[in-house]
1. Determine if the stretch 161-168 includes at least one residue that is on the phi > 0 side of the Ramachandran plot and surrounded by 15 or more Cβ atoms within 10 Å (Cβ to Cβ).
2. Just one of (1) in a loop (DSSP other than H, G, I, E, B); (2) at pLDDT 95 or above trips up ASP147, so point out which.
3. Can you find a residue that is modelled with pLDDT of 90 or more and either in contact with a Lys or Arg (Cβ under 8 Å, 6 or more places away or on another chain) or exposed (fewer than 14 other Cβ atoms within 10 Å of the Cβ) (or both) anywhere in the stretch 60-75?
4. Please go through the stretch 77-127 and pick out each residue that is in contact with an Asp or Glu (Cβ under 7 Å, 6 or more places away or on another chain), of a type in the set (A, V, I, L, M, F, W, C) and under 22 Å from THR186 (Cβ atoms).
5. Among the numbered conditions (1) at pLDDT below 55; (2) under 24 Å from MET1 (Cβ atoms), tell me where GLY232 comes up short.
6. Regarding LEU90, is this residue in contact with a Lys or Arg (Cβ under 8 Å, 6 or more places away or on another chain) and at pLDDT 90 or above?
7. Would you please name the residue that is farthest from the chain's Cα centre (by Cα), looking only at residues in the stretch 163-188 that are basic (Lys, Arg) and more than 20 Å from LEU202 (Cβ to Cβ)?
8. State the number of residues belonging to the stretch 76-90 that are in a helix (DSSP H, G or I) and buried (at least 17 other Cβ atoms within 10 Å of the Cβ).
Amino acid sequence: MRILVDGLDMTGKSTLTEVVVRMLAARGVPARRHRGLISIGTLLEPLRRPLRPFRLPRRTLASTTFLLAGYALDALLTRLLPYRHPDVVLVQDGYVDRCVASGIAAGPYLPARWALRRANWFVAFDLAVYLHAPSAERAARLAERSDADTNDRHSVADAEFAAEFTRVLVDGMGARHARLLVFDTTQQSVEETARVIVDTLLTHRTRARRPVPGVAADRSGRAPDRIRRSSGPRPSIRGGTARLGERGTPAAD
């Protein structure tokens, strides 16, 4: 299974990813954090040569085109190459979702618009988590970061960019995932957020493995799992709001 954690810069994506991995391990579910192209790990893991994700100095038409081409190829290779650790939950820290959202919000650039219209081509996740936070909070986090780049500073300073970025994520790229959670990370602790994520993943993982009487399974052998989109507050998140999305067919393990 695969989890995606994505969203605006300075919203705590990397921290949340690490906590989710630890929390899954504590519940007896092996998991690992991953960044960059998914198929790269499959191709080069036997050589034990970890690759750092490629970071470009700023969002431009050229950089957006370059990255989207890589993610499109990654989608093809991921379909062709089996995942080497099917029993390990892959917790992905950022993916093509943010690349498309950035390309639309900063441009909109033609490659990003093309990718948004063909979002279903890219790798889908069993559970996607999108993070956002008020600009003041993100600015405070930015001030504490010594490794911040031009992209980080721009996304914090430009409120219109941030709003459009989040809109494209939730209303555009999020539709292809089996399930979607959206969090304002100032409304609950990282541990509470991680707990909701893990509970959601494990609950639906159990349901997927249990036959449902009277419900026809899809071609993958699993019953279709539809969750209504809701903008209302979830009682399980104290002081926070999460939204659930749906996708016609679950993402592949």
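The values are calculated or read from the model by the stated rules, or taken from the named source; none is laboratory data. Keep in mind that this is a model prediction, so the values were computed, not measured. Don't worry about glycine lacking a Cβ; one is built from the backbone with ideal geometry, like all the others, and counts go over all protein chains shown.
1. No, because not a single residue in the stretch 161-168 is on the phi > 0 side of the Ramachandran plot and surrounded by 15 or more Cβ atoms within 10 Å (Cβ to Cβ).
2. In the conditions (1) in a loop (DSSP other than H, G, I, E, B); (2) at pLDDT 95 or above, ASP147 misses (2) alone.
3. yes
4. Matches in the stretch 77-127: ALA105 only.
5. Here GLY232 clears every test but (2).
6. Criteria met by LEU90.
7. ARG167
8. Residues meeting the conditions: 1.
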